[in-house]
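Worksheet: the structure to be examined is printed underneath.
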Amino acid sequence: MYKTEIIPISKIKLNPDNPRIIKDDKFKELINSIKEFPQMLLIRPIVVNDEMMILGGNQRLNAANEAGLKEVPTIKASDLTEEQQREFIIKDNISFGEWDFDAISNNWDSDEINSFGLDVPVFNNSIKSNSEEINEYNKVHVLLSFHPDKFIELEKHLSDIKDIEE
């Protein structure tokens with residue numbers, strides 16, 4: 001149905017309403033990824049509409065340009081309505097799944113995975129036991145990400161724990 005074509009970068013228009021950005025080191029990692037594994041662009045081409053405006057792949061196009069490429073693989077999504085194009089722009093950037101870091105740590109080298117651009121969490125196994133005093137030098141900070149509905153439930157549990165400790 002869709003055909004991949006190699007198009008000069010100069011003919012493709014960045015989407016000024018692109019809601020996704022990549023900054024600094026992550027952008028450099030994307031550039032390096034394209035340099036080291038350019039076949040990825042063939043497998044996951046830039047998606048454009050009939051006006052050659054990007055629907056999916058703004059950052060890949062920017063990185064390909066920075067990597068010195070003059071042409072990139074593209075797919076023209078001519079049959080999408082304006083509403084479907086807007087939907088595609090968001091859905092193309094959503095990550096529906098979560099990483100199984102146990103599977104990753106058992107099957108890949110963490111340095112290799114980091115070089116691919118995936119930030120693998122590092123767990124410190126030297127956490128102090130409950131009987132040892134915790135001070136500002138050995139506190140453990142944890143960043144959690146979850147659905148807002150679960151936040152209310154977690155807040156209650158944290159409040160219960162705080163009440164127990166006080």
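None of the figures in this text is laboratory data; all of them are computed from the coordinates on show. Predicted model only: the values in this text are computed from it and were never measured. Positions of Cβ are generated from backbone atoms using ideal geometry, with glycine treated the same way; all protein chains shown enter the neighbour counts.
With a Förster radius of 22 Å, plug the Cβ-Cβ distance of Phe37 and Asn93 into 1/(1 + (r/R0)^6) and report the FRET value to the nearest 0.05. Taking R0 as 22 Å, the efficiency between Phe37 and Asn93 is 0.60.
Simple spin-label estimate for Phe101 and Ile161 gives 1.6 nm between the two label positions (7 Å along the Cα-to-Cβ direction from each Cα).
The fewest-to-most ranking of Met53, Met40 by surrounding Cβ atoms within 10 Å reads Met40, Met53.
Shown here is the pair-distance distribution of the stretch 4-91: with all Cα-Cα distances grouped in 5 Å bins from zero up to the longest one, the shares run 3, 15, 27, 25, 19, 8, 3, 0 percent. Once the Cα-Cα distance is subtracted from the 0.36 nm per residue extended length, the Ala77 to Phe27 segment shows a gain of 15.4 nm. The number of Lys pairs in the stretch 4-91 with C-alpha atoms less than 16 Å apart, excluding pairs fewer than 8 positions apart on the same chain, is 6. In this simple spin-label model, placing a label point 7 Å from the Cα along the Cα-to-Cβ direction at both Ile152 and Glu5 gives a separation of 5.1 nm.
For Leu144 and Arg86, a Förster radius of 41 Å and the Cβ-Cβ distance give a FRET efficiency of 0.85, rounded to the nearest 0.05.
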